[in-house]
Amino acid sequence: MSQVAGPRRVGPLAVTAAVHRITWRMWFNDLCRSLGSRTKAKLLVAAILAAVGAWTAWSSIELGKQLGMDPDTGREIAAPVASVMFTMPALATLMAVLYAPSRTLLTEMLSVLPVREAHVRGATRWLTVAVGFFGGLLVSAPLALQFVFTGSAAVALAGVSYAIFAALLGCLATQVLTEVGQVVAARLLGRNGVMVQGISGLLTAGLLLYAFMTSMPMNGGDGRGVLLPLGEVLAWLLGAPAPSWWVLGLVPASPMILLAALGVLEAVPRKEFAPWRPRFFAGRNLSAGRPSFMVLELRQWLRYPPNAVLLLFINGLCAAAVVSAAAAGGDELGLVYLALGVASAIGIGCYGPTRRHHWIYRVTGSPTAWIGPKFRAVLLIWAGMMVVYGTAFMLVSGGGPVEFFLALPMLFVELCASCALGLLLPVSRDQSIGGAVSEAVAVVGLLGLTFGLQSMLAASTNILVSLAVQIAMMAAAFAWYLLTARWLAVHRTEMASA
C-alpha cells in the first residue's frame, strides 16, 4: 500500500531569496501607496540615491583635504580607521535589528507553509545584515575612499576591500551578540517582546561602543583595544610589518566563526514566553478631563513596539556617551553630540502607527487635524531628552550653556527632517524590515543633511550671520514638515473618497 508523502520542506536558500524578494517588493509598493504612484516612488528612490552619491563624493573630497592621506599616514592610523569601518556597519545593523518586529504579516503567512522557523529567522537576519552592511558602508565610505586618493592602486584596492570585509564582520558580530542577548534575557526574565529586544540591544551597543572607544587613541586611551588586531591586519595590507601569526589567522577566519555561531544559535530551542508589551500611559485618566489629541498621539507613538524599542536604545546610547565622556574627563570625540543627533531622528517613526488610518480625521472630519498633535507629541519626547542629556553634556564636557544652545537649532532641523522623512518613507507592522530600511535611509539622509549644513555654517565667521542662517534653517525644516504633511493628508483624503 503506497503512502502519501508529506509536504516537502523548502530549503534555507529558497526561503531567504523569497523573503528578500517579497520584502523589498512590499516596501516599494507601500512607498507607491504613500506617494500615490509608482513614478513618484521611483523618482524619490532615484533622488535619494543621487543625494547619497553626491554626499559621499563631497564628504570624501572634504575629508581628503583635511587628512591628506598617503600610504604612510594610512599605516599610522590603521587601527582607528579599521575600528570605524567595523563599528559603523555594526551599529547600523543593530538599529535595523531593533526596528524589525519579531512577528509580521510575512512571517505569519510563512508559518502555515512547510518552512522551518529557523530558516525564516535566518532570512530576516540576512535582511538586517544587508541593511546594516550598505548603511554602514555609506557612513564610513568617506573614510574608506581616502585610500583611493593616495595614488597607489595597491593601497586603494587593499583599503576598499578591507572596508567591505570589516563591514561584513561588524554586521555578523552584531547579529551574534543580539541573538545571544535575546536568548539569555528571555530565559532570565521569563518573558519575550520589545523589552527583551531592547535590553539585548543596549548590551550589544555597550560592547560595540566599548570596543570602539578603547581603539581610539583619544580621551585618555592608547588605541590598543580589542579591535587592535583589525588595525594590525590593515596596516600589514598597506605595507607595514606582518603581525603575529594568531592575528593573521584569527582575523580572516572571524566571519566563518561568526557564521558557525549563528548556525548554533538557530538550533537553540526558543521557549514561548508571554509577550512583554510597553504599557506607557496605561491608565484611563491621562489628564484632568478629556485627553487632548496630542496626549493620545503621544500614547500611540510610545505604544508602537518599534518606537518603544528605538526609544529605549537611544536613551541607552545617550547615557553610555555621557558616562564615557565623564570617565574620560571630556568629550574629545564628540560622542555626546553625536548621540543627541541620533536622538533627533526619533521622528522617523512618527507616522508609522497611523499609516493605514487616521482616527483624528474620522473624529474631527478635518484631513489635516493630525499634523499639529503628531508633531507636538514627538517634540515633547525630543525636548525631554535634550533637557536631560543636554544638561549632562554641559556637566561632563566642561562647556557652558551657550555651546549647547548653539547646537540646538541644528538638532531641531534634524528632528523636523526626520519627521518629514517619516511621513514619506513606509513604516508599518506588515513587514519586518520596511521600518528598518526607512530608518537606515533616513539616518543616512540626516547625516548628509547635517554635514552639508554644518559645512555651510563653517564658512561664516560672523556669529550673528550664523545664528540668522540657523533660524532660517529651522523655519525651512518646519515648513518642509508642514507642507509634506498637508500634501499627504489631502492626498489620502482624495484616495479615500475616490
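The values are calculated or read from the model by the stated rules, or taken from the named source; none is laboratory data. Model, not experiment: these values are computed from the prediction. Reconstructed Cβ throughout: ideal geometry from the backbone, glycine too, with neighbour counts over all protein chains shown. Accessible surface is based on the protein model in full, side chains and every heavy atom, while ligands, DNA and RNA are left aside. Shrake-Rupley method; radii C 1.70, N 1.55, O 1.52, S 1.80 Å.
Scanning for something open to solvent by 50 Å² or more (accessible area, probe 1.4 Å), modelled with pLDDT under 80 and not charged (D, E, K, R), does region 63-76 turn up at least one residue?
Yes, region 63-76 contains at least one residue that is open to solvent by 50 Å² or more (accessible area, probe 1.4 Å), modelled with pLDDT under 80 and not charged (D, E, K, R).
List every residue pair whose Cβ atoms lie under 7 Å apart, where the two residues are 6 or more positions apart in sequence or sit on different chains, the first residue falls within region 36-49 and is of a type in the set (K, R), and the second residue, located anywhere, is modelled with pLDDT of 80 or more and surrounded by 12 or more Cβ atoms within 10 Å (Cβ to Cβ).
Sorted first by the residue in region 36-49, then by its partner, the pairs are R38/C32.
Yes/no matrix, rows are residues, columns are (1) under 28 Å from L98 (Cα atoms); (2) aliphatic (A, V, I, L, M); (3) under 15 Å from the mean Cα position of the chain (by Cα):
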site	(1), (2), (3)
V115	yes, yes, no
H119	yes, no, no
V131	yes, yes, yes
G135	yes, no, yes
P142	yes, no, no
V155	no, yes, no
A163	yes, yes, no
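Looking at (1) surrounded by fewer than 19 Cβ atoms within 10 Å (Cβ to Cβ); (2) closer than 28 Å to W55 by Cα; (3) in contact with a Ser or Thr (Cβ under 6 Å, 6 or more places away or on another chain); (4) at pLDDT 80 or above, which one does L482 not meet, given that it meets all the others?
Every listed condition holds for L482 apart from (3).
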